[in-house]
Structures are given as structure tokens and as C-alpha cells.
Amino acid sequence: MSLRILAIDDSLTMREMLRQTLTEAGFDVVLAEDGIDGLTQLPDVAPDLILTDLNMPNMDGFGLIEAVRAGDVAPRVPILVLTTESAATLKERARQAGATGWITKPFDEHSLVSTIRRVAAV
Amino acid sequence: MAGAIDLKDIFFVEAEELLSALEEGLRAIQTGAQEADTVNAVFRAVHSIKGGAGAFDLKPLVNFAHRFETVLDALRGGQLQPEPALLGALLHSSDHLADMINASRNGTETDPELDQRVIVALEAQAGMGGHKEEEAFVFEPLALDGPFGMDLSALPLTSLLRKVTLTFRPHSGAFASGHDPAFLLRDLCGTDEVEVELDQSALPVPGGFDPGQSYLGWTVTLQTERSDREILAIFDFIEGNCDLTLEAEAETPPDPDGPLPETSLAPSAPVVVAAAPVAAPPKPVAPPKSPDAPAAASPQPASSAPSASTGPRPTIRVDIDRVDRLVDILGELVIHQAMLTEAIEQSPGFGSVEVDRSLDQLRQLSRQIQESVMAIRAQPVKPLFDRMHRIVREASMAAGKSARLVTEGESTEVDKTIIERLADPLTHMIRNSVDHGLEKPARRDEIGKPTEGVVKLSAAHRSGRIVITVQDDGAGIDRDKVRQIAIEKGLVPPNAELSPQEIDALLFLPGFSTATEVSALSGRGVGMDVVRSEIAGLGGRVGIASVRGQGTTLTISLPLTLAVLDGMVFEAAGQTLVLPVSTIIETLRPDIMMRHTLGRTDSVLDVRGRCLPLIDVGAALGFRRTLKPGEGEIVVVVERGDDGAIALMVDGIRDQRQVVIKGLEANYGQIPGIAAATVLGDGSVALIVDPSDLAAIGPNPSRPNVFLAAE
């Protein structure tokens, strides 16, 4: 069984890129457009890992992480934040919200996949 | 990466949407119409462009967007106030960003010096100057195959194993944040020789076990080539959520940061540690909720789906070729339906109620399909209108004028093809309005007008057509000057008696330009004649109206679609022709008394006291010279643009039906009086007449008789 990933990003380009990269790497990918969308899909998707952007409309990445951690659906799922922000403060904020780790955009396929394998496996 | 080209296409499509969101947001801030989220949305737009550009390694774009974003971030954070000068600079930067994206789409780059000038001007305006080149944003590379930020040259080239001892004890917060110690230990061990010691002394007595808590610790002793930094990098995600110590033999060559005999990453996140004791399986460690994320409080995400009610309706993106193919097939369907109807009407079975009803049903269904397909192609004019704000900004700056664009009816939907082909003529018309229509601010002040001129762009559906107007509140057309120029250029004879409307229409003559000095923008060799022919190419027409001192209004009137129209099939001079039903006002069989002759050849028809130019369609199109008895006895009154109606003499009216428009321009160029052609039910070709163009030809054409020659 392959690893199931819920990837959340408001940018269509990013979503498409994640879909292609992760599918090629052999993962199952479900896409969501923002925090609310991701949270709504969470019970159906039951992901092994969540990848989320931080800066999004409606509900941002921090809100999503906090909601997932506080909810009953998958409170312990590894969550990696995808962000162009390499600033330490944002990483710290994400960590405090409950993020498992981070990936800095732009990423290459190899780094994306190896980071995912660091925190989740099947 | 496979499919990278497609992704780039997606990026450019998305970038376009982001750019218009950016510009719209900035304009909303400028006019004070912003909402709570506007500044955030503006920031996000630039941020997303930066992210996408980074993915495709478009460095100048990333740099520009990053510096742009930094200013927006300050605006978002309240360190900057949205003052007019700053907004001007922001809009200018947004325009330049659009140019940069456009350039990369075309595989080129904008002038780096210009990029620099624009962004430096913005930073200066924001009081954030002094941004040095070497501070230019560089994405932090993430090299996960090696350790974070490690300088590969610092690695020992020879195989030198050393002993490293590491103790690791995760906090319970680590589980709550999705960490799994097993993966960390796996990565830590790697392919090295290891000894692992488990410390389970903290395990509670049976019965007191809480699966949300962390009770275990490990001591791992490695024989490794890896540096301390590489090893610690494995734990960077969990840093703060664990106790970690490292003891190691000195590295050779020494670590550039000096030896790290003991490193502790432990007690740096008290918040998470403090949260640990409340952990319990059904409600595990809950990190502190920030008050500005109310949705985070929802324990049942599945039941709360606000996006379904408030978000945009779901859409799909379809390749335009597929829709075009549908339109083509639909055109064939309409033709075959007409053929079928004709065949049945001529067959002996005709007259049965069932057949009649079925035919009627078929007609209605194909019309519904047509409307649905057209609705797919229809798009609001908003993106097109949005682009015009920039034109006004640039044109007014270049002409030393102050102007603002006001738009109306932005949600009016128009066929996509029409929208695309409207961009150029509309741009020219808007430039023209700013350049020639509006007065300079000083002059406006003198005559008591607000110094800022207004160009109003509006769209509306009107009697089966789309009407787009460009209205300025400028000086209006100086008719004496126009007339004088036309005479000087030999466009009209010096003694010509011209009505105000006729003088206005002179502006559309090829090569006409009233600007005494050629301005930077209008002096591009494109005149209003080009605008007119471009609009005519869309089956539309341009009208002009002007009031001295109050302004000029240009009106474009367009068909709703380029594919199908409701036509009235009629006969003239033995030809089967089609008139667009939307232009027909009435049909009548006039009395001889209603007809009056003007001069030698022209005549008018008195329709209830209103004298309309009377035109024989057969003669105007060159099918005949004079009318024979029994010909031209039926008159169709049609409107021609904004300036009244004309009466067309025809020989007979056949019926009214939907016809599929087949363009002639590709093969025959523009034919005066003819808009397009169509295929009738019997398979014959009929020409679709353009009434307003016919009026321009007049009743007595003095050109070679192309149609008679062709026969």
C-alpha cells in the first residue's frame, strides 16, 4: 500500500506540481485548496501525511495544523509545512502549532520525497 | 521533471489571475473600497507568484517579487500607510511585474536595469531604501540527501570513523506533532554500526499507562563518518520536543564551527513541555490555540464545511479547442436540422401533427444546446476591463493628464473569442479618450471641471447585442477643426456641407489624426479607422457621439456570438440573402406616396413622418442596376448603429431561422455590405447582409459590379 498524502496549497501551480511529483514518486495524493478544504477532506482521505502551505486564504497553514492536532480525525498525523519562508520565526510558529517539519520551496523531487520519508513510512 | 512544460503553462495562467487580483486589490485600497482581507490577498498574490517563479527558477522574477512582497508585508503589518504616492508606486510595480511575467512567458526577460529602477523606486517610496544588491533574496536550498546547510567541501575525503554517543528522549509533545521516534532512530542508525540501549525506567506501573505520553529514551552509540552537524540535522524537526545530547570524538578535519564535544538542543520549547501532562488519548496534546484561528476550535472538521456554502462554485478547466469543436458540430447540427425540416416539408407526409411537433421540439432543443454552448464560451468582460486601468494610468502619465477609469457592467458576458479580439481596439479607444478627449488638468481647472478626468467604460446587453461604451468627460470633438483637417487632407471637398454626425464620422477615415502634436501613445500609426475595421471584423460597428465641452462617447455594438444568429431569409435580385433579425425594426409594403425622390438618384421613404434613406439591396450589392416591376416592393426597416434607421427594398421575404455564420474574410477579405455567409437548408450558400455597412455604401454604388461579374 502506498503512502497517502493530503497536499494543501492555494496555488494551482503548486498543487499540480505536488500532484505530479508525488504521484511519480509512488504516493497517493489528494489535493486541497486551503485549510478549510483540507480539513473538510481530512476524514475521507485519512492521510498518512499532510503537506500544507502556510500562507493561504480562508484558513492558513497554522490554523489547519492547530485544527488537525485538536481534532479527533488524525491528531498525530505527520504534517510538513511547505513554505517559501525560510525565516526561523515562521518555522518556530509552525512547530508550536504542531507541525512535524518543513520543506522550503522551491523543492526538487528528491528533497521532497526524502523529507516525506523522514517522517512517515508505510 | 516530466510534464514540466504543462506546469509552466499552469503557472502563467495562474499568474495572470494573481496579477489581476493584485491590481484589483491595490485599486480597492486606493479608492478606499478595501475589505479586511484585501491587503492580505494582495500580499498573497505576489507571494504566490514568487513561489511559482521560484519553482521554475525564474530568478529576476523571484527577486523582484520578493522585494515587492517585503514592502507589501510592511503594509500588511501596519508599518506602512497606504498613502497615494505609495499606492502609485505599488501599482507601477504591479504593472512591471505583469510585464516581467509576460516576458518570461515569451521566453525573454525585461531589462534588468528597469527591474531595478522600478523596485528601488518602490522601496524608496516605502522608506525601505538601501536594499543592497547582495541582500537580494536567495532561496535557502534544502539538501536533504546531505545535512542541512552543510558545506560539502568540509566533508572528510578519506574514510574516518569516529565514535558518537547520542541520547535521545522525546517529549510527549513530539507525538502530538506527528513525530515517530522509530523513523528518527532509523535515520540516525543509517548504515552505520550501532549499539542501541533502551531506557525504559520511566515506564509507569501497569494500569497507569497513557499511550499519549512518552516514556522511553535511547542511547545510541555510532561508529560513523557523519559529522555532528549531519547527525543533529536528523533531529532538527523534533528539536524542542525532545531531550538530546551528543558526545563525540573530535571530527577530522575539525568541524568549521569548532569541536562540539557536547551539544544540547533540549529545553528550548517550554510551551510544548508544559502541555504534556494534559495528554490523553481521545484528546491528545493540544498545542495552544491562537485566538485568530477560530476554525481550529472545531473538533469535527467533517461537519463544518463552510467552504461549500461560502466558497466559489466548483468549476472545471476545459481546453478551448474542445469547446470550439462543440461549436463547430453545433453549427453542422443547425444546418442539418434546417435541411431535415426542408426535406420533410416537401415530402408527402408533411402536415401530420406528430411530425410537426417533433420538428418543433428538435428546433427548440437545438436552440437550447446552442445557448448552453454559448454560455460555456461566454466570459465576463471584467478581466478585459481590468486591463484598461493600466492603459489609463500609462496614457494619462504620458500625456501629462490626470485620469481615472470607471467601469460598469463588468459582469456582462461575451463570447471568449470576441473578448480576446476586443483588447486591441478597446486599448486604442481608451488611449484615444485620454490623449485627445480629456483636457489637461490646468485647463480643466480653468473651466471649473475637476482636474481628474473620468473615462467611463461600460458594457451591457441591449436587444441581442453587446454594447460597450467608452465615455470621457473631456472637451468633446472640435468639429471645426476636424472639418478643416479633413479638407486639408483632401478627405472631403472644401465646399462639402456636413452634418455634425458626418463630421464626427470623419474620425474613422483612414489616416485621420487630429493631434497637432504626435503624442507618445497615439502616434503609433494606429488610427480610429483600424479600430473600426477590427470591430467590423467581429461583426460589430463603432459609433461616436460628442457634446462640445462635455465629452465624447464611443460605442461599440457587437453580436452576442460569432457562431449562430437569428436571421431573416429574403430575396433580392434573384439572390437569397440573410438579415440579422436583431437589426430589423419592421417590415412593410409601402405605398408609392410614401416615397420621395431627392436629387437624381437618392430617395427616402416617409415612415409615419420620419424620412429614412431608401436603399435597394439588390443595387447596393451590385446585383442589378434598376428595379423591374414587381421587384423591391417590400421594405425592411433596419436600424443602423446609433444613428437612426434605413429602409431596405427587397423582393420577397422567405422565413426566419437560425443560421450558422461562416466567415468570408479569410478567403475573400472584407466585402462592403456583407457580414458573412451561411449555408441554408437546401445546401445553398446565402450571404448575410450588414445593414449599417449597406447604409454607408448608399443606394447608388459607383464601384465595379463584383457579383454580376462573378456570375
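Side notes on the structure shown:
- Set of lysines near A:K105 by C-alpha distance (under 20 Å), chain-local residues within fewer than 8 positions excluded: A:K91, B:K8, B:K50, B:K59
- Fraction of accessible area attributable to carbon and sulfur, segment A:1-72 (%, probe 1.4 Å): 42 percent
- The charge dipole of segment B:4-135, taken about its Cα centre with unit charges on the Cβ of Lys, Arg, Asp and Glu (plus for the first two, minus for the last two), comes to roughly 220 debye.
- Assigned charges on the beta-carbon of Lys, Arg, Asp, Glu; chain A dipole about Cα centre (debye): 500 debye
- Whole-number accessible area per residue in Å² for chain A, which is evaluated in the context of all protein chains at 1.4 Å: 30 Å²
- What you get for segment B:322-379, charging only the Cβ of Lys and Arg (+1) and of Asp and Glu (-1), is a dipole of about 280 debye around the Cα centre.
- Global geometry of segment B:4-135, whether rounded, prolate or oblate, following the gyration tensor of its Cα atoms and the 1.5 cut on a/c: oblate
- The A-B contact accounts for roughly 5100 square angstrom of buried accessible surface, both chains included, probe 1.4 angstrom.
- Label positions at B:A442 and B:A202, each projected 7 Å from the Cα along the C-beta direction, are separated by 8.1 nm.
- The distance between label points at B:D210 and B:I487 comes to 10.0 nm (points 7 Å beyond Cα on the Cα→Cβ vector).
- Cross-link partners of B:K440 among lysines (Cα-Cα below 24 Å; sequence separation of 8 or more within a chain): B:K401, B:K449, B:K456, B:K481
- Counted residue by residue at 0.36 nm each, then reduced by the alpha carbon distance between them, the extension gain from B:I369 to B:A124 reaches 82.5 nm.
- Among the trypsin sites (Lys or Arg not before Pro) within segment B:569-647, those in coil by DSSP and having at most 10 neighbouring Cβ atoms inside 10 Å are B:R600, B:R608.
- Sum of side-chain charges, B:E109 neighbourhood, beta-carbon under 14 Å (Lys, Arg +1; Asp, Glu -1): -3
- FRET E, pair B:N106, B:Q81, Förster distance 30 Å, beta-carbon r, rounded to 0.05: 0.20
- Put a dot 7 Å past the Cα of A:A121, heading toward its Cβ, do the same for B:D655, and the two dots end up 7.7 nm apart.
- Chain A: C-alpha gyration tensor shape, a/c 1.5 cut-off, then a/b vs b/c: rounded
- Electrostatic bookkeeping for B:Q368 treats Lys and Arg as +1 and Asp and Glu as -1; over the other residues with beta carbon under 15 Å from its beta carbon, the sum is -1.
- Count Lys and Arg as plus one, Asp and Glu as minus one, and take only other residues whose Cβ is under 9 Å from that of A:R76; the net charge is then 0.
- Prolate/oblate/rounded label for segment B:381-559 (Cα gyration tensor, a/c 1.5): oblate
The values are calculated or read from the model by the stated rules, or taken from the named source; none is laboratory data. Everything numeric in this text was worked out from a predicted model, so none of it was measured. Quick reminder, even Gly has a Cβ in these numbers, built from the backbone with ideal geometry, and neighbours come from all protein chains shown. These area figures cover heavy atoms from the full protein model, side chains too; ligands, DNA and RNA do not enter into them. Shrake-Rupley method; radii C 1.70, N 1.55, O 1.52, S 1.80 Å.
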